[in-house]
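Data first, discussion second: the structure below is written as structure tokens.
Read-outs throughout are calculated quantities, based only on the coordinates presented, and are distinct from any laboratory measurement. All of these numbers come straight from a predicted model, not from anything done at the bench. Every residue, glycine among them, receives a Cβ derived from its backbone with ideal geometry; neighbour counts consider all protein chains shown.
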């Protein structure tokens with residue numbers, strides 16, 4: 001497919017694949033071994049700098065990045081973990097000295113940089129990329145599920161929900177560093193999904209198909225509706241410190257300008273308004289045949305494309321203007337999209353059914369207790385009345401009645 005030379009002049013921000021990653025040490029229940037503020041070993045249900053380790057001495061020991069503690073690793077009968085020793089004694093599952101044989105910890109793929117460094121960048125810029133934050137095995141599983149990469153010739157089946165297609169979806173959705181970052185950025189520990197996680201699979205472009213216009217994501221939806229009041233959106237405002245949504249996009253495929261990596265107007269979250277008509281907002285480009293008649297939305301040098309390796313999370317303030325790129329390659333590219341909101345925002349769609357289908361599937365047994373706890377918090381909203389807790393969900397009968 002040939003395109004005019006003046007197209008695709010966006011500024012490229014390239015995030016390279018890291019040469020090394022830190023290690024996360026998971027306890028049997030999925031919590032993370034670290035050092036508390038008083039320099040005592042402990043486990044945590046989140047990952048900030050306290051839970052970051054360096055693999056040293058060929059993986060036979062782990063050094064705590066903040067305190068410098070060194071733990072010796074001792075092979076266990078299980079191939080999935082090891083015993084950890086500190087001051088000659090094995091550690092129990094809570095990080096304390098074991099009174100018995102000790103607990104088996106599972107070393108795993110961690111971030112390339114300290115969570116505090118990512119948070120600083122997110123606060124300063126409104127977005128951050130966590131390059132290759134998922135392990136290669138998880139990325140490969142997501143490629144197989146999304147029918148990309150080595151499975152590009154296969155057809156993605158949309159007849160079943162995304163969560164039940166493979167445990168890698170839930171494991172990616174509960175990735176701990178990105179969850180901690182979003183909670184810090186939105187200033188609340190109570191966050192949840194605005195819709196079930198879903199794949200956005202961009203097929204090769206034919207030069208005429210309809211494309212996405214510029215917009216801000218849920219719950220803002222700036223640029224989605226032509227006039228205020230025609231849809232569920234938050235009115236434009238000038239309160240940049242009030243964050244009501246973070247978009248968490250997983251690059252299942254490597255993201256490049258040529259294969260349709262997301263286009264952004266980085267920094268636009270502080271403007272307090274949606275994209276102008278001359279950029280081609282979503283409410284214009286949602287008209288059938290508009291692209292074929294008028295060409296592509298704005299793709300000049302004032303826009304940005306973030307390129308990143310597969311397995312990277314791109315987190316960005318939901319107010320940032322963006323749109324899907326144009327895939328000018330012969331292969332599909334996939335992303336897993338997750339709109340994340342504070343619990344006080346009403347979700348865009350019901351997530352309870354997708355969660356129920358997952359916990360009724362055999363995949364649930366492959367998650368750690370902490371991963372399952374996180375998934376439940378992200379997908380279920382509960383209210384408490386007279387000492388009883390009730391799940392907020394869709395009343396199908398009433399929905400039909402009110403139309």
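Between segment 96-148 and segment 209-268, the C-alpha centres lie 25 angstrom from each other.
FRET efficiency for the residue 97 to residue 75 pair, using the beta carbon distance and R₀ = 22 Å, is estimated at 0.65.
Highest GNM mean-square fluctuation among 310, 59, 30, for the chain modelled with Cα contacts below 10 Å: 59. Build a GNM of the chain with springs between Cα atoms under 10 Å apart, and of 31, 278, 241 the one that fluctuates most is 278. Our estimate of slack between residue 402 and residue 290, defined as 0.36 nm per intervening residue step minus the Cα-Cα distance, is 37.0 nm. Specify the residue with the greatest mean-square fluctuation among 276, 111, 18, computed from a Gaussian network of the chain linking alpha-carbon atoms under 10 Å apart. Comparing 276, 111, 18 in the GNM, the peak value goes to 276. Mind jotting down a quarter of the surface of the convex hull over the alpha carbons of segment 23-109, in square nanometres, one decimal? Reported value for the Cα convex hull: 5.2 nm². Plainly put, the chain has a radius of gyration that is 0.99 times its Kirkwood radius, both from alpha-carbon atoms, as the Rg/Rh ratio. Short-range pairs are left out: with C-alpha atoms under 8 Å and at least six residues apart, the relative contact order of the chain is 21 percent.
What separates the Cα centres of segment 15-90 and segment 155-181 is a distance of 25 Å.
Suppose we keep just the DSSP beta bridges with both residues in the chain; what percent of those would be antiparallel, to 5? Percentage antiparallel, nearest 5: 90. Remark: the residue 237-residue 57 segment gains 59.5 nm on full extension, using 0.36 nm per residue and subtracting the alpha carbon distance. Take the Cβ atoms of residue 392 and residue 29, set R0 to 25 Å, and the FRET efficiency comes out at 0.35. Estimated translational diffusion coefficient (Stokes-Einstein, Kirkwood radius over Cα pairs, 4 °C, 1.567 mPa s) of segment 102-256: 71 µm² per second. Among 8-15, 380-387, sorting by the average number of other beta carbon atoms lying within 10 angstrom of each residue, highest first, gives 8-15, 380-387.
Between the Cα long axis of helix 136-146 and the first principal axis of the chain there is an angle of about 40°, rounded to the nearest 10.
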